[in-house]
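Asker: Submitted below is the structure of interest, expressed as structure tokens.
The values are calculated or read from the model by the stated rules, or taken from the named source; none is laboratory data. Only a predicted model underlies this, so the values are computations on that prediction, with no experimental measurement involved. Every residue, glycine among them, receives a Cβ derived from its backbone with ideal geometry; neighbour counts consider all protein chains shown. For accessibility, only protein heavy atoms count, side chains too; no ligands or nucleic acids. Shrake-Rupley method; radii C 1.70, N 1.55, O 1.52, S 1.80 Å.
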Amino acid sequence: MKDLVYKVEKRMTVKALKKFLVAKLTSLYSDVNTSSDKATDFLADIKKTKEEKRKLLMSLYAAECAPAKVTDFSGMPKRECDMTAEMIDFCAGFDKYIAAMRAEYKELIRKKRDAVALLTLLVSLRNPYSKVLYLKYYIKVPLQTICKDMHFSRSTFFRKRDKALSDLAVLFAERNDIKLIRDK
């Protein structure tokens, strides 16, 4: 079973995969730890009963999308069939609104799950490689502090980081059925 579900090609060079992983590692802390207001609201809504949820979502949708009744300056009031058509459009729009909301929350949940899986891979590396990546990308400790605390020179830090990224790329490729191609 795959831990990660990032959308990546099934054949990549090590260099391209490392570049991809650095991009994911850069936002790792925020992806794992921050939750948007929408996600918090959604989780609160899930706990409500089905009828309460439907009423709440309908009121949110109505506030955003309901057709406003205005005075018809032509002197001709709207006919009954015109209002019925507007209400049918309104209800169809509500179903689309719910579907879009579900898709947005599924994406938020997927992003967080992928970030946690990547963090798990990162900490599964041997020391000092896992610690170098953890401090650099997750905790965001400045380079000078990492070098001082780990008793590394700058060049040693960069060698360890590159080796850690290579190891992480190999592990990531194994877990996601990615065939690594030699860099040219």
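Asker: Pairs, please: C-beta under 8 Å, at least 6 apart or cross-chain, first residue farther than 12 Å from Leu168 by Cβ and among the aliphatic types (A, V, I, L, M) and in segment 1-24, second at pLDDT 85 or above and open to solvent by 60 Å² or more (accessible area, probe 1.4 Å)?
Answerer: Val5/Arg113; Met12/Lys179
Asker: When you scan segment 151-159, do you find a residue that is aromatic (Phe, Trp, Tyr) and buried (at least 17 other Cβ atoms within 10 Å of the Cβ), even just one?
Answerer: Checked segment 151-159: at least one residue is aromatic (Phe, Trp, Tyr) and buried (at least 17 other Cβ atoms within 10 Å of the Cβ).
Asker: Tally up the residues in segment 110-133 that are among the β-branched types (Val, Ile, Thr), touching a residue at least 12 places away in the same chain (Cβ under 8 Å) and open to solvent by 30 Å² or more (accessible area, probe 1.4 Å), please.
Answerer: Qualifying residue count, segment 110-133: 2.
Asker: For segment 85-107, check the following and say yes or no: at least one residue is part of a helix (DSSP H, G or I), modelled with pLDDT under 90 and in contact with a Lys or Arg (Cβ under 8 Å, 6 or more places away or on another chain).
Answerer: yes
Asker: Moving on to the next point. For Lys136, work out the one condition from (1) open to solvent by less than 20 Å² (accessible area, probe 1.4 Å); (2) touching a helix residue (DSSP H, G or I) at 6+ places or on another chain (Cβ under 7 Å) it doesn't fulfil.
Answerer: So Lys136 meets the others, but not (1).
Asker: Aliphatic (A, V, I, L, M), at pLDDT 70 or above and open to solvent by 60 Å² or more (accessible area, probe 1.4 Å), is that true of Leu21?
Answerer: Considered against the rule, which asks whether it is aliphatic (A, V, I, L, M), at pLDDT 70 or above and open to solvent by 60 Å² or more (accessible area, probe 1.4 Å), Leu21 comes out as no.
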